[in-house]
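FYI, it's all coordinate maths here, none of it is from the lab. Keep in mind the model is a prediction, meaning the values are calculated, not measured. Quick reminder, even Gly has a Cβ in these numbers, built from the backbone with ideal geometry, and neighbours come from all protein chains shown.
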Amino acid sequence: MVYNYRMRFDVFSLFPEIFEPYLAISILKRAITHGLIEVHTHNIRDWAFDKHHMTDDTPYGGGGGMIMKPEPVFAAVEDVMGKPPTDPVILLCPQGEVLNQQIARDLAQHERIGIICGRYESFDERIRQHLATRVISIGDFVLTGGELPALMLMDAVGRIVPGVLGDAEATQEDSFAPDGLLEYPQYTKPAVFRDWEVPEILQGGNHVEQAKWKRQQSLIRTFEWRPDLLEKATLTDKDKKFLENYKKSLEEYNEQKPAS
């Protein structure tokens, strides 16, 4: 099958060489080789104005650390993506909205995305206010730079691009997609390993019952591991009834369980 869809990532970083090893292997490498994804890295220092190629300076108002200057970042993004850019420009920052599968799906609808990787203590606020169209975090923790989050973002978005995984439906049963539940447990050969056996239902050929089991396992796993996801998940009446019965059975089990 021939896919006409393309996704281009323009990554702006002080350390573009970080991206080369990861993009040179596995699925993203094949996607790049087949022309499904393009990744262009740009060194922000190339747009610095002074002879020392300074990209940071001390913060106004005092405080520790250095701040990324606005001039080279604006110049880099606007030279590459237009002034102003017409495509999304993502600023990676711990203060942004936390990356999830829905955001990845939203971004995968675009044919081009710019990604700004921060460094040092922080970046000039005018980059966030007047250049970035979206601020994204990968979690409530702080890293030394935005390069690792950028790779995670490109991986999450890139694998959704049609043809990247080979099968157009390959991402439909991933955790969080499309109904917001965690994925059901997966098994492979051997059927028995250290006396732990693959569930019997998966070893047979009853695909209807297998599909039912998978759905129920997704519901159980989401309820036990990420109950917060159930508030926004797409649930049928059967799903809700199953969860009610499952919760009731848990309560009965806990009531009968001997106190330790």
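A Förster distance of 22 Å, applied to the separation of the beta-carbon atoms of Gln186 and Leu148, puts the FRET efficiency at 0.25. Ellipticity at 222 nm from helices only: DSSP H runs of n ≥ 4 in the chain, each -39500 (n - 2.57), divided by the residue count, give -10500 deg cm²/dmol.
Taking other C-beta atoms within 10 angstrom as a stand-in for reagent exposure, Cys117, Cys93 fall in the order Cys93, Cys117, fewest first. Can you give the percent of C-alpha pairs in region 7-158 whose distance is more than 20 Å? For region 7-158, the fraction of Cα-Cα distances above 20 Å is 47 percent. Shown in residue order for region 48-64 are the 3J(HN,Hα) couplings computed by the Karplus curve 6.51 cos²θ - 1.76 cosθ + 1.60 at θ = phi - 60°: 5, 8, 9, 5, 8, 6, 6, 10, 9, 7, 6, x, 5, x, x, x, x Hz (x for Gly and Pro). Of all the options Ile90, Ile220, Ile32, the one that moves most in a Gaussian network model of the chain with Cα springs shorter than 10 angstrom is Ile220. Between Phe141 and Ala24, the modelled label-to-label distance comes to 2.7 nm, taking each label 7 Å out from Cα in the direction of the beta carbon. Using only alpha carbons, region 192-256 has a radius of gyration to Kirkwood radius ratio (Rg to Rh) of 1.04.
Given points 7 Å out from each Cα along the Cα-Cβ axis, report the Phe193 to Leu230 separation in nanometres with one decimal. Placing both labels 7 Å along Cα→Cβ, they lie 2.9 nm apart.
Run the numbers on region 7-158 and let me know its relative contact order in percent, using alpha-carbon pairs under 8 Å that are six or more apart. With pairs under 8 Å counted, the relative contact order is 30 percent. Projected onto their three principal axes, the Cα atoms of the chain cover extents of 73, 52, 38 Å, largest first. Note on Lys212: lysines with a C-alpha under 22 Å away, same-chain residues under 8 apart excluded, are Lys189, Lys232, Lys238, Lys240, Lys241, Lys247, Lys248.
As a length-normalised measure over Cα pairs under 8 Å and 6 or more apart, the relative contact order of the chain settles at 18 percent. Put simply, when 59-69, 8-18, 147-157 are sorted by average Cβ atoms within 10 angstrom per residue, most first, you get 147-157, 8-18, 59-69.
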